[in-house]
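Just so it is clear, none of the values below were taken in a lab; they were calculated from the coordinates. Keep in mind that what you see is a predicted model, and the values were worked out from it rather than measured. Every residue, glycine as well, gets a Cβ built from its backbone with ideal geometry; the counts of neighbours run over all protein chains shown.
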Amino acid sequence: MVLSGWTVVASESTTFNVQPLDIQAGYIAHRIYLHDYAVPTIEISGVTYSAIDKLPEDAFPSSVQRFDVLMGLDRKKPFAIVRIPAFSVKEDGTLQQVTGLTIKYTENTVPEPVVDNGRGAAKTTADVNSPLATGTWYKVSVPSTGLYKVDYNFLSTQLGVTGIPSSQIRVFGHGGKMLPEQNPQTGVKGLTENAIWVNDGGDGKFDPGDYFVFYAQGPVNWVPNSDRSMLVQEKNYYADKGYYLLNFDAKAEKRVTTQINKPSGNLIVNTYSGAVLHEEDLANPQNFGKRWWGEEFSSAPGKENTHSFTLDIGSMLDTVAFRTHVVNTSTAPGIFTLSLDGKQMSTLDVSATNNYDYAPKAMGQEAIWRLPHPGKSATITITYNTNSSEGSGWLDYIRVNGRRPLSVEGNSNVFCDLNSVGAGNVATYRVSNAGSGTQVWDVTDPQNPVRMDGNLVGGNVYEFVQDASSLHRFAVVNDAGSLDAPEFVATVPNQNLYGSAPVDFIIVTHPDFKTAAEKLAEFHRKRSGMRVIVATTTQVYNEFSSAGQDISAIRDFARMFYERAGMNDADMPRYLLLFGDASYDYKDRIKSNTNFVPTFEALESFDFLNTYSNDDFFGFLDAGENIERYDIVNALDIGVGRIPAKSAEEADRVVDKII
C-alpha cells in the first residue's frame, strides 16, 4: 500500500542465507541504502528454518514478521536497518532458527522528507568569517541568569576602553545554556550578536555615567517538566558560569526593541511559577557518568550523618511541593529522615547495594511531599542511618516549587507562568513593587529580548500585556543603573575557525599540546598531502559554545566542515583527532584531573553496566543524530581518534614515535 501523496521510487528484493555471524543479540540485521530519508515498506517472505535445542542467552523467540525498521544516515546517505527476529517457537513448542529469507523493500518518498539530509545541498565555501577574526575582544562571565549592567567605569578601569561611540557596543554569545547533544536540523551556528539596551544620554557617545544592559543566561536554567506542571532545573554539566564576548570596534546590528501591536488581554496574571533549588555537585563516588552528588552523610569518624539546608521560600503562596533525591552507597539499606523546621515530613528507605561484581554500587530514591506554605524561609534537615560500616548516603538535590506573587524581588528578577499558558490566551501581567524606572523584557528568545510596552498603575504596579498561547519568560528591573556587572575574565586573541576552508583532517588539542599537534599536522600535510587544521579547545569553545566548555562545540566544529561540503565527498572531513586525555570530571574537582579534551559521558552514574564514555559522539554529524537515542541508527561520518596525552612532554614523545 502506498500512502496518498507518496511516490514509489524503488522496489527491490534480496534473498540470502543466514550465517551464524549474521545473528547478533537474537536478530538478523540488514542494511538498505535509500534515495531519501523515509521509512520504506518491508515484506519478509520465503523464510526457511532449522531446528535448535535451546536459545542463546541474549535471544527471545518471536515471529519474523515482528521486525523493526530503524532509520539512519551514513555520510548524508539515508539507509534503513531491518532487524528481524532470528529465533521462534513452532506450534508444537520446538525451537527454530532462521536460515534463509527474502526481504523486499519498497521505497517511498514524501514531498517534504522527515530529515534534510543535505543531498540537494550544493558545495559551499566559507564565505562567512567569525566575528572574532578582527578587532579586540573581551570575555566576561556571569554566575546566574538575569539582567547585567556594564558601565563606563567598568570599561575604562577593567578593560581599558574609553572614547567609543555607543553604536559600536556589541555583546556576543549564549551564556551558560548547554548546546543540544542531538544534532539540530539547521546548520551549525557560530557566535551570534545579542540585542542590548544602551543608556548614553542620547548623545551617541559612551561617557561617564553611561551604561548598557544585556540579558544573560547562567549555568542553571529552568524548563517545564514533561506535563508542564512545574519547573525543573537544567544544569550545565561542563561550566559553572555563563560567558559572553564584548567588542567595541564595529557598528552593532542589534538593540533591544520595544513591543509593537500590543494585544488585548483576556486574563489577569499576578502570580507566577516559582522554584528554589539546592544542588551541589561535589562528588562522583563511582567515578563515571555526568551526574554528580552533593553533601555526604556518614557515621564514620570526622563525617556528619545530618545536614540542614535553609531555602528562601518565604514569599511562596498556598501549597508548596518539596522534591528531593538521595543516594545510598552502603551494603545495608540507608534510612533518610527528612524534617521541615523540626517536624518530620518523610522517611526514605533506600535499597542496599551488594558486592556482586556487576551490581550497581549506588541506589537512589526520590521523595515528593506537598504541604501548606510555612510562611517563611524553610529549614530542611536530613539525617542518614545505616547498619553497615561501609558506604555513605548522599544528597542529590532539593527542589521546591510553588506560586510566588508577581513582584520585583530586590531590584531585578526573572519569571514565567506555566498556569496562564493556553490556546488563545493573552495575559495582562501585573507586577507589584514597581516604580517609575521599571522595565520588563520578554526574554523568551534570550538573544533577542523585547522591551514590553507597559504602564505604571496605582503607583507601584507595572502592567503589561503579552501573548500566553505559549510559555514566555520575562526579566524585570526597577533601576537598571543598579544592576550587577559581569566579571571580566580575559582578552580574547583574534581567531577565525568559522572562516576555514575545507579540510581532510581536524585536530582539536588542549592548548598545552598545540606545538606537538602542529608538528603532527605538518607531517600529514607533507607525507599524505592532507588538508589539516589544528584548533585548541579554547578556540573551539570561543566560536561554538560562547567561550564556555561544552563537548557539543567540538562536535559542531567538525560538523561545520561536514555540512558545508554538501554532497561533495572530497570536501567532507575524513578524520578527527582529539589531542589530550579526558576525564569523567569536566570541572576539575578531583586531584590530578586529566580533562584536557573532554569526552562524552553518559548520564548514568549508578550502574557501570549501563554507562559509558565514548568519543563516537564527535563523529555523528548528520542531522537528528544523537548518541543517546536508540530509535535511530547513529552512523559514524568521520574517523575519530585520541592521543590521551597528560603533559606536553608526553605529547611530544607520542608524536615523535608516530612520525
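Between region 126-187 and region 361-426, the alpha-carbon centres lie 33 Å apart.
Counting each DSSP H run of 4 or more residues in the chain as -39500 (n - 2.57), what helix-only mean residue ellipticity at 222 nm follows after dividing by all residues, to the nearest 500 deg cm²/dmol?
Numbers: 4 runs with 48 residues, N = 659.
So the calculated ellipticity at 222 nm is -2500 deg cm²/dmol.
The overall shape of region 7-109, judged from the alpha-carbon gyration tensor, is prolate: a/c is not under 1.5, and a/b is greater than b/c. Rounded to the nearest 10 degrees, the angle from helix 514-528 to the longest Cα principal axis of the chain is 40 degrees. Note on region 542-659: Cα Rg divided by 2.2 N^0.38 Å, N the number of residues, gives 1.16. Based on C-alpha pairs under 8 angstrom that are at least 6 apart in sequence, region 500-658 has a relative contact order of 25 percent. Fewest-first ordering of Ile658, Ile81 by other beta carbons within 10 Å of each residue's beta carbon gives Ile658, Ile81.
Roughly what angle does helix 648-658 make with the longest principal axis of the chain, taking Cα atoms, 0 to 90 degrees, to the nearest 10? That works out to roughly 30 degrees.
Here is the link list: Lys177/Lys254; Lys514/Lys587; Lys177/Lys657; Lys290/Lys514; Lys189/Lys251; Lys361/Lys646. Which ones come out longer than 31 Å on Cα distance? Don't jump to the answer; show the numbers that get you there.
Details: Lys177/Lys254 21 Å; Lys514/Lys587 21 Å; Lys177/Lys657 41 Å; Lys290/Lys514 28 Å; Lys189/Lys251 21 Å; Lys361/Lys646 29 Å.
In this structure, Lys177/Lys657 exceed 31 Å between Cα atoms.
Let me know the shape class of region 352-510, please: from the alpha-carbon gyration tensor, a ≥ b ≥ c as square roots of the eigenvalues, rounded when a/c is under 1.5, otherwise prolate if a/b is greater than b/c, or oblate. Since a/c reaches 1.5 but b/c is at least a/b, the shape of region 352-510 is classed as oblate. At 0.692 mPa s and 37 °C, plugging the Kirkwood radius over alpha-carbon pairs of region 500-586 into Stokes-Einstein gives what diffusion coefficient in µm²/s? Rounded to a whole number, D works out at 244 µm²/s.
I need the peptides 190-199, 221-230, 49-58 ranked by packing, meaning the mean over residues of other C-beta atoms within 10 angstrom, with the highest value on top.
The most tightly packed comes first, giving 190-199, 221-230, 49-58.
Note on the chain: Cα convex hull, mean projected area over all directions, 37.8 nm². For the chain, the relative contact order is 16 percent, taking Cα pairs closer than 8 Å that sit 6 or more residues apart in sequence and dividing their mean separation by the residue count. The tail of the calculated P(r) for region 274-404 beyond 24 Å holds 30 percent of all Cα-Cα pairs. Each of Leu418, Leu155 has some number of other Cβ atoms within 10 Å of its Cβ, and from fewest to most they run Leu418, Leu155. Helix 551-564 and the longest principal axis of the Cα set of the chain meet at an angle near 70°.
Below 10 angstrom from the Cβ of Gly201, what's the summed charge of the other residues (Lys, Arg +1; Asp, Glu -1)? Please report the intermediate quantities before stating the final value.
Details: positive: Lys205; negative: Asp200, Asp203, Asp207, Asp210.
Overall, the nearby charge balance is -3.
Dimensions of region 439-524 based on its C-alpha atoms, expressed as ranges along the principal axes with the largest first, amount to 74, 32, 18 Å.
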